[in-house]
Amino acid sequence: MKTYATKQSEITRSWRVVDADGATLGRLATEVAAILRGKHKVRVTGNKLQAKNYVRHSGYPGGLRSETLEQLLARRPEEVVRRAVRGMLPRNRLGEQMSRKLHVYAGAEHPHAAQKPEPMRKETES
């Protein structure tokens, strides 16, 4: 038994459009991450808007910068989705390649009509 390795010329890429309206951030991110990995709703629950913090440090004394989810959603809503998906991808070169294929836009308009993106199926809530 030999393992089959797919050649670059045999891969067909397809673009997808994800409607994140009313979706749970974590569930949406896992779906998108699974698609980016090839393993074929944005709403946050609880008090995450005030409790969830995005932290970064410049490396200089006093360089700690913190921002709540609510502040980041008001400033850059697409960044919230991008960070959530990125956090669910592998932390290696393969994960970097996968994250480069992710394009997130606030709103329904996007400049990728020429790629003929197919809409992802929207799961019904139970």
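Return yes or no: is THR45 within 30 Å of LYS116 (Cβ to Cβ) and of a type in the set (S, T, N, Q)? Walk me through how you get there before you give the answer.
Numbers: within 30 Å of LYS116 (Cβ to Cβ): no; of a type in the set (S, T, N, Q): yes.
No; evaluated as a whole, the condition is false for this residue.
Could you list, in sequence order, the residues of region 10-24 that are among the basic types (Lys, Arg) and over 13 Å from the mean Cα position of the chain (by Cα)?
Looking only at region 10-24, we keep the residues that are among the basic types (Lys, Arg), and these are 13, 16.
ARG13, the sole residue that qualifies.
If we scan region 1-19, do we find a residue that is among the small types (Gly, Ala, Ser), modelled with pLDDT under 85 and on the phi < 0 side of the Ramachandran plot?
First, pick out the residues of region 1-19 that are among the small types (Gly, Ala, Ser): 5, 9, 14.
Now drop any that are not modelled with pLDDT under 85, which leaves 5, 14.
Filter once more, so that each one left must be on the phi < 0 side of the Ramachandran plot: 5, 14.
Checked against the condition, which is being among the small types (Gly, Ala, Ser), modelled with pLDDT under 85 and on the phi < 0 side of the Ramachandran plot, region 1-19 yields at least one hit.
Of a type in the set (A, V, I, L, M) and under 19 Å from ASN53 (Cβ atoms): which single residue out of VAL104, VAL80 fits that description?
Details: VAL104 fails: under 19 Å from ASN53 (Cβ atoms).
Result: VAL80 is the single residue among VAL104, VAL80 that is of a type in the set (A, V, I, L, M) and under 19 Å from ASN53 (Cβ atoms).
Please find, among ARG86, ARG91, the residue that is modelled with pLDDT of 90 or more and either more than 18 Å from the chain's Cα centre (by Cα) or in a loop (DSSP other than H, G, I, E, B) (or both).
Values: ARG86 fails: either more than 18 Å from the chain's Cα centre (by Cα) or in a loop (DSSP other than H, G, I, E, B) (or both).
Checking each option against the conditions leaves just ARG91.
Which of the residues spanning region 1-19 are under 22 Å from ALA113 (Cβ atoms) and either of a type outside the set (Val, Ile, Thr) or in a loop (DSSP other than H, G, I, E, B) (or both)?
Those that are under 22 Å from ALA113 (Cβ atoms) and either of a type outside the set (Val, Ile, Thr) or in a loop (DSSP other than H, G, I, E, B) (or both): THR12, ARG13, SER14, TRP15, ARG16, VAL18, ASP19.
When region 20-52 is examined, which residues are found to be at pLDDT below 85, of a type in the set (D, E, K, R) and in a loop (DSSP other than H, G, I, E, B)?
The answer is LYS39, LYS41.
For TYR60, all conditions in the list (1) in a strand (DSSP E or B); (2) over 26 Å from ALA108 (Cβ atoms) hold save one; what is the number of the exception?
It fails just one condition, (1).
Quick one: which of GLU109, GLU96 is loosely packed, with under 10 Cβ neighbours inside 10 Å and either of a type in the set (Lys, Arg) or within 27 Å of THR12 (Cβ to Cβ) (or both)? I'd like the intermediate steps shown before the answer.
On the way: GLU96 fails: loosely packed, with under 10 Cβ neighbours inside 10 Å.
Testing whether each residue is loosely packed, with under 10 Cβ neighbours inside 10 Å and either of a type in the set (Lys, Arg) or within 27 Å of THR12 (Cβ to Cβ) (or both) leaves just GLU109.
The values are calculated or read from the model by the stated rules, or taken from the named source; none is laboratory data. Predicted model, so just to flag it, every value in this text is computed and none were measured. So basically every Cβ, Gly included, is an ideal-geometry build from the backbone, and we count neighbours across all protein chains shown.
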